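Worksheet: the structure to be examined is printed underneath.
The values are calculated or read from the model by the stated rules, or taken from the named source; none is laboratory data. Fair warning: this is a prediction, and the values are worked out from it, not measured in the lab. Cβ coordinates were reconstructed from backbone atoms using ideal geometry, including for glycine residues, and neighbour counts include every protein chain displayed.
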Amino acid sequence: MKLLPVLTVLATISLAAGAQARDRSAPFEELAKAIDALKAAGCTALQSLDAEEPGFEAEGVICGGAAYSIKLDRDFNIVSKRKDGS
């Protein structure tokens, strides 16, 4: 799978650029699990992925042809899904 390494690199870059105090470092395995959870929910792409306390925040997530901001908890469950631009 060639897409996962690209998404993991983008997520890592996003982690390094995060300006919020709640951002945290995350092992690649956690980032991969967060991406897998989004894929299992039917999402096909994302713009950024931040590891935050207590989970993850993904921006520009494409699901069903629309873009969303999605929050996942530490167990990789989707806890919030907001359509971008709303």
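Things worth noting here:
- Selection count where residues are among the aromatic types (F, W, Y) and within 14 Å of K81 (Cα to Cα), scope the stretch 27-64: 1
- If you go through the stretch 65-86 and keep only what is of a type in the set (D, E, K, R), out of contact with any Pro (no Cβ under 9 Å at 6 or more places or on another chain) and assigned to a loop (DSSP other than H, G, I, E, B), you end up with D75, D84.
- Exactly one residue out of A51, A34 is at pLDDT 95 or above, assigned to a helix (DSSP H, G or I) and of a type in the set (A, V, I, L, M): that is A34.
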